[in-house]
Structures are given as C-alpha cells and as structure tokens.
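The values are calculated or read from the model by the stated rules, or taken from the named source; none is laboratory data. These numbers were taken from a predicted model, which means no experiment stands behind them. As a convention, Cβ positions derive from the backbone with ideal geometry for all residues, glycine included, and neighbour counts pool all protein chains shown.
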Amino acid sequence: MTTIGIDLGAKNTKVVILRDGEILTTASVLSGFDQKASADEAVNNALRNVGIARDEIKYITATGAGMDAITFANDTVTEISANARGITAVFPSVRTVIDVGAEEGRVIRLNENGKVVDFGINEKCAAGAGAFTEAMARALEVDLEKMGEMSLKSTKAVPMNAQCTIFAESEVVSLIHQKTPKEDIIRAVHDAIADRITSMARRVGIEKEVALVGGVANNIGFVDSMTRNLGYDLLVPKDPVVPEFIPAYGAALLAQDELNGG
Amino acid sequence: MVTVQMEEKGIFDQFKDWYTNRHEYAKAWKEKGGKVMGYFCTYVPEEILYAANILPVRILGSHEPQDVTEPHIFAMFCPFCRDCLAQGLKGRYDYLDGIMIAQSCLHIRQTYTSWDLHIPTDYSYYLPHPMHVQSPQATPYLREELIQFKKSVEDWIDKPITNYDLKRGIEIMNANRRLMNQVYELRKKRNPPVTGLEAMYMVVSSQMTDKHEHNRELESLLQKLSTRDIGDPGERLMIIGSEDDDTEFLAMVEDLGATFVTDDHCTGTRYFQEEVNPSEDLLNAIAERYVKRVPCPSKDWPKRTRLDHIIRMSKEYDVQGAILIQQKFCDPHELDTPAIKEELEKNGIATLFLEFDVTVPIGQFKTRVEAFLEIMREEDLF
C-alpha cells in the first residue's frame, strides 16, 4: 500500500512517499506561483526517485498553507494535525511540537495518545519564522546555511527588541553601525525568533518532551537559542525524516490510516 | 429540492439587504421627513429616540483599510473604533442629523469625541452611563441622566416627549427584542433553521432600520421558519466577544461544516435579550433595563456576571465549541478572556481565541478554525 503526503508550504513544497509504513523517498521543490504545478513537480520528482508509477499511489493527503490548490489530493488536513501524526510516529513521547516554517510558527500540544489538545499560530507578523532569518542573512551578507554555525561562536548576548521583520532589519543595521561582531548579531536574530516562539509556546502550555520541527529546526543556532530559553534539550528529528518533512510525513501516515479504515 | 433551498435562503435577504445598503435605507427614510441619529454602542436608550420619532442608526465600520484616522485616534486603539471614525471622515454618514454615545469604553468614546469635533452635526449628546452597573445606585443614577437626555432631545425637536410617546418607544423596542428572542429560541433545536450568518444579518440590520419595518419582517420570518429545515448543523458553536459584524468570518466557519447556534456579542444577544418592564416611572424602567442587561465587559465588574450567563447559554443551546473573538487591543474583552476560556473548558466546551483587525485575514483564520474543528471531530471518535 503506497500513499503520498504533500505539504505545500509558504516557501517549499515537500513530498513523502510511504509504503507500508516505510518512507520510500522524499522530495522538495520551491512553492511557485502556480501551487498545483509545484505540487505536481514535487510528486513527479519523488516518484522518479524510486521508479514508481503514479497510478500505484492509493491515497494522497495534502497539508500546508496551499493545500486547497492540490486538486488531485484525496484529502486535506491542517498542518496542526499533520504535525501531530508525524511527530508521534518519530517521537511517541513528545507532548509539545514547535514547528517553525518560512512564514508561520506553530506550537501544538498533544496528549498521551498523540491527539491535539491545543495549538497556537503566530499572528500576521513573520518575525517569529524562517523568512525573518532569511531577511537578516541578506542584511548581514551571510549564507543562510552558515547562520547557525556562526551564531554558536557568539560571545555576547545582544538584546534585540524585534516586533517585526522590518523593524528588526533596521535594528540589525544599527548594530552593524555600532560595529557589533556578526556572530553576536546573528545570535541576537536567533534569540529574537526564539523569544517570540517561546512566548507563544508558554501561552499554549509547554509539556515535555518538546520537539522542534520545520525548516528552521535545521538551524543549530536557533536550536541553541530555544534550548537556552527552555532550559533543556529539544528533540529534533533526523531519522526517518529531517525536520521540514514532518508534516508531509504526517500527511502520508494519515493517508495510510485512511486506507486502513481510519 | 435545490430551488426550495434557494427560495428558503431568500427569507433572510431583506435583512442582508438592509445591512448592505444601510446608508441608502437611512437616506430614503429621512426623505419622508424624520431625523436620523447615529449612535455608538448598544447602551444608547433607543426607546427615547423612538418616542421622539427619531431613527436610531448604529454607526459601524466598513471593513476596508483606511488612512484618515491616524491624526485622531491612537494606532493601538481598537480597529473598530478607527473604522467607525473613518466612515464619518469619509462622509458616508453625511445624512445624520445627530450623533450620540452612552459611555462604555474609552476607545469608542474617542470616536464619538473626534466625530463631534471634526464632523459637524446639528445635535450631539454624550450620555454618561454608570460603569459600576452592579451598584444599587446605578439605576437611580441612570434615571437622572435619562431625564436630562430626554429634555435635551425635546429641546432639539422642539416638542415634548409625553408618557404616551415613551410607552410607544418601549413597545416598539420590546416587540423587536421579543421577536428576535423567538428566532433565537429556534436555534436551540437539534437542527436549527437559522445559520449564524443569517442571525447576524438579522440582529445587525435591526440596529439600522426602522423597527416598525424590521418587526414586520421578523413576524413574516417566524412563520416561514417553523417549517424550515436546513439539515444537520455539524459542530454547534457559540461565538463570544466584542463588536462583530464580520459576516465573512462567520460564512467561512459555517462553510467548513459547523454552525453558530448562539452568541454573546453586542451585535447579537447582548443587544436584545432583555426587555424593558414598563412600570409607573417609565424612565426608571428604561434605566433598569440598561443597568441590568447582560453587560459589556467594560462594565462587568467586580463580579464577572457574564461567566454564569455564558455557561447557562451554552447549555441551553447545546454548544460544543466556542470561538472567542475580539477586536485587537480591546482590553475589556481581553481581560475577561482567560476566565471565560477556563470556565468553558471546565464545562467540556472547546475554545479557540482569535483577534479581529479591520479586514479579516480569512486564509490564516481558516487554518486555525479547521484545526479547531479537527480537534473537536477527533474527540468525537472516542
């Protein structure tokens, strides 16, 4: 039994192909203006990876901000439920999922059965999400991938009172003018996102274990800031999937559940 | 079947039409030779205005972004009060003969004050209204204020308002309340014959049309509703919060398969639930009604009387989930939210908290509401 989970996110479209509970492959493409075309492309790439024909797929479940555009999906489910299903499969002990994507940060609280008890999503401002790190990387002329590593070399915490991406950028510019080392500014950026996400998590209620997922969880500098905020280690998935694939994985699992009679 | 549905849907069209074309309606009404009073807040005693044959029209926003209020209202005052003022500054209410407010919160009072300062009308009145409505002195206080207000209206229209007029004013208001309560009563049914969106059109339109006409429409509606069946409501929701005429939001939620079966809104039950009990002293009777009505949270202090009220309503309407929604920066509502949330959840009712702005971010809200419904549906399985 082969199913597909598609997570059409604000920045990337992620696909997971699942056969009898095992991940066969994953694929990711940029979410373009034509969202359905992006989903198609990601699905075709994934199928090509493993040499499976499209008609072998029994069920497709879509999630993510653009899920409604995927008209060929059999079902849709919110990122909240997809995350819950995905993380429970990887870390059954997790009670709080923190998902930081490109445009949204989400906090999801689960019960011992992996069911969603409560959740929070950041408001309109993207200061608590990945797009913010990207903008700051541009301002600092640093490769996005290097941000994490560099911030770990910081020796000093610099307070940054970032309410929104635009204001934060002008704060970063002031810090540059003050000759603040790049490493410290990058750490300040990560601390600022971590503070916003932690505030939201406290509102929803944090219960151990805590998992960090979404693309920004690949940033070790951000993980470090979150760990400092919470005072204990967070679980970041590596196997069978990396953090940004958790919702797509969850969607593929939900597709499989559906075929197994819910 | 489909045509019947379409035809049945039409029974709320008149309310929607009044709401959508509120300015055209008021202008046409005025042509017939009456005065129109724009008012802020549902603490304004419309009985006295109806007694004076004045048409009360509640001033609401338009949900469009605007750039005209910045010099007059703080950016962190609620979006609703700014949206209302924008309507005035843009001249959309240029037909008003007067404006008035009864004190509730500072934000909307700033709208009134600014309007009074910058948009000339023939008449304006600030009605002090007791904040401490739980005090035994609140009714006598308001009665004294109503005496002054009545006198001021009499001077304006140059005609005395008699006891007979007041009785007329009370009767028309009470009839409107009674009829809307009857419609709400039907929403308690297993399959309510009314959607939340339709109920909102009904109540909000009553705040801006001549209640004689509105009452006739309600009477005819009630006859049609007795046999109307719009099927399984899905999740039975209650909507609780500040001023809300965000019809687009209600439509989105109900499109997802749930139904609002009741509300605690000043564009809903808080507006019409209680009638005036006419007694010898009519102004005292009116004062008593506005002091004892289900309060706006700006007046619900020191005891939070709304808690018991909301729980009672949620049981009567068999509510499964509640959406707590408020205007951004609305401190009175925000202060009550944790207590209301806790009380509802203690009673097994799922809650979702959202904040309104001038425009409704439908996409972002949809994800939250869908996840909320998913949680409720999951629970159903076990």
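Here A:N219 fulfils each of the conditions (1) in contact with a strand residue (DSSP E or B) (Cβ under 8 Å, 6 or more places away or on another chain); (2) modelled with pLDDT of 95 or more apart from (1). Looking across B:R270, B:R228, one residue alone is part of a helix (DSSP H, G or I) and farther than 22 Å from A:D68 by Cα. It is B:R270. Given the residues A:S170, A:S199, which is the only one that is farther than 19 Å from A:L230 by Cα and either not aliphatic (A, V, I, L, M) or not assigned by TED's automatic domain parsing to the domain that holds A:G221 (or both)? After ruling out the rest, the residue left standing is A:S170.
Of all residues in region B:267-324, those satisfying the criterion of being among the β-branched types (V, I, T) and surrounded by fewer than 19 Cβ atoms within 10 Å (Cβ to Cβ) are B:V294, B:T305, B:I311.
Would you mind telling me which numbered condition in (1) touching a residue at least 12 places away in the same chain (Cβ under 8 Å); (2) within 24 Å of B:K150 (Cα to Cα) B:L85 fails? All conditions pass for B:L85, except number (2). Look at (1) crowded, with 18+ Cβ neighbours inside 10 Å; (2) within 13 Å of chain A (Cβ to nearest Cβ) and you find that B:D336 fails only one, number (2). Report whether or not A:A73 is in contact with a Ser or Thr (Cβ under 7 Å, 6 or more places away or on another chain) and farther than 20 Å from A:T227 by Cα. Against the criterion (in contact with a Ser or Thr (Cβ under 7 Å, 6 or more places away or on another chain) and farther than 20 Å from A:T227 by Cα), A:A73 qualifies. Of all residues in region B:52-64, those satisfying the criterion of being under 22 Å from the mean Cα position of the chain (by Cα), assigned to a loop (DSSP other than H, G, I, E, B) and of a type outside the set (D, E, K, R) are B:N53, B:I59, B:L60, B:G61, B:S62, B:H63. Flag not set for A:A251, criterion: buried (at least 24 other Cβ atoms within 10 Å of the Cβ) and within 12 Å of A:F91 (Cα to Cα). Summed over region B:344-361, residues that are part of a helix (DSSP H, G or I) and within 12 Å of chain A (Cβ to nearest Cβ) total 1.
Can you say whether A:V172 is assigned to a loop (DSSP other than H, G, I, E, B), touching a Leu at 6+ places or on another chain (Cβ under 8 Å) and farther than 30 Å from A:E22 by Cα, as far as the supplied structure shows? Criteria not met by A:V172. The residues listed here are A:L24, A:L30; of these, the one that is crowded, with 17+ Cβ neighbours inside 10 Å and either in the same structural domain as A:A248 (by TED's automatic domain parsing) or at pLDDT below 95 (or both) is A:L24. The condition of being of a type in the set (D, E, K, R) and within 14 Å of chain B (Cβ to nearest Cβ) does not hold for A:E145. All of B:S279, B:S298 fail the test of being of a type outside the set (K, R) and without any contact (Cβ under 8 Å) to a residue 24 or more places away in the chain, apart from B:S279. B:H72: touching a Leu at 6+ places or on another chain (Cβ under 8 Å) and at pLDDT below 95, yes or no? Taking the combined requirement at face value, the residue satisfies it.
Each residue in region B:362-378 was checked for being charged (D, E, K, R) and either facing another protein chain (nearest Cβ under 8 Å) or not in a helix (DSSP H, G or I) (or both), and 4 of them qualify. With the condition kept exactly as written, say whether any residue in region B:346-353 is surrounded by fewer than 19 Cβ atoms within 10 Å (Cβ to Cβ), under 19 Å from B:D263 (Cα atoms), touching a strand residue (DSSP E or B) at 6+ places or on another chain (Cβ under 8 Å) and free of Cβ contacts under 8 Å to residues at least 60 places away in the same chain. Scanning region B:346-353 turns up no residue that is surrounded by fewer than 19 Cβ atoms within 10 Å (Cβ to Cβ), under 19 Å from B:D263 (Cα atoms), touching a strand residue (DSSP E or B) at 6+ places or on another chain (Cβ under 8 Å) and free of Cβ contacts under 8 Å to residues at least 60 places away in the same chain. So, B:E370, is that one of a type in the set (D, E, K, R) and within 30 Å of A:A10 (Cβ to Cβ) or not? In short, yes. Identification of strands (runs of 3 or more DSSP E) wholly contained in region A:31-113 with 2 or more residues that are away from every other protein chain (no Cβ under 14 Å) yields A:57-63, A:96-100.
Going by the structure shown, is B:L142 of a type in the set (A, V, I, L, M, F, W, C), within 30 Å of B:T262 (Cβ to Cβ), in contact with a Pro (Cβ under 7 Å, 6 or more places away or on another chain) and in a helix (DSSP H, G or I)? So B:L142 fits the description; yes.
In this structure, is B:A138 touching a residue at least 60 places away in the same chain (Cβ under 8 Å), surrounded by fewer than 21 Cβ atoms within 10 Å (Cβ to Cβ) and small (G, A, S)? Against the criterion (touching a residue at least 60 places away in the same chain (Cβ under 8 Å), surrounded by fewer than 21 Cβ atoms within 10 Å (Cβ to Cβ) and small (G, A, S)), B:A138 qualifies. What do you reckon, is A:V142 in contact with a Lys or Arg (Cβ under 9 Å, 6 or more places away or on another chain), surrounded by fewer than 22 Cβ atoms within 10 Å (Cβ to Cβ) and part of a loop (DSSP other than H, G, I, E, B)? Taking the combined requirement at face value, the residue satisfies it. The set of residues from region B:79-121 being of a type in the set (D, E, K, R), in a helix (DSSP H, G or I) and over 17 Å from B:V36 (Cα atoms) comprises B:R82, B:D83, B:R109.
Could you grab the pairs with beta carbons closer than 8 Å, sequence gap of 6+ or different chains, first residue in region A:40-52 and charged (D, E, K, R), second one part of a helix (DSSP H, G or I)? So the pair list comes out empty. Do we have any residue at all in region A:15-26 that's assigned to a strand (DSSP E or B), within 14 Å of chain B (Cβ to nearest Cβ) and either of a type outside the set (G, A, S) or free of Cβ contacts under 8 Å to residues at least 40 places away in the same chain (or both)? No, region A:15-26 has no match at all.
The residues in region B:190-238 that are surrounded by 21 or more Cβ atoms within 10 Å (Cβ to Cβ), hydroxyl-bearing (S, T, Y) and more than 23 Å from the chain's Cα centre (by Cα) can be counted, and the count is 0. For region B:92-124, the tally of residues that are more than 23 Å from the chain's Cα centre (by Cα) and over 19 Å from B:N53 (Cβ atoms) stands at 4.
Residues are listed down the side, and each one gets a yes or a no for (1) surrounded by fewer than 19 Cβ atoms within 10 Å (Cβ to Cβ); (2) in contact (Cβ under 8 Å) with a residue 12 or more places away in the chain; (3) in contact with a helix residue (DSSP H, G or I) (Cβ under 9 Å, 6 or more places away or on another chain):
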| position | (1), (2), (3) |
| --- | --- |
| A:S174 | yes, no, no |
| A:D191 | no, yes, yes |
| A:E207 | yes, yes, no |
| A:G221 | no, yes, yes |
| A:P247 | no, yes, yes |
| A:G261 | yes, no, no |
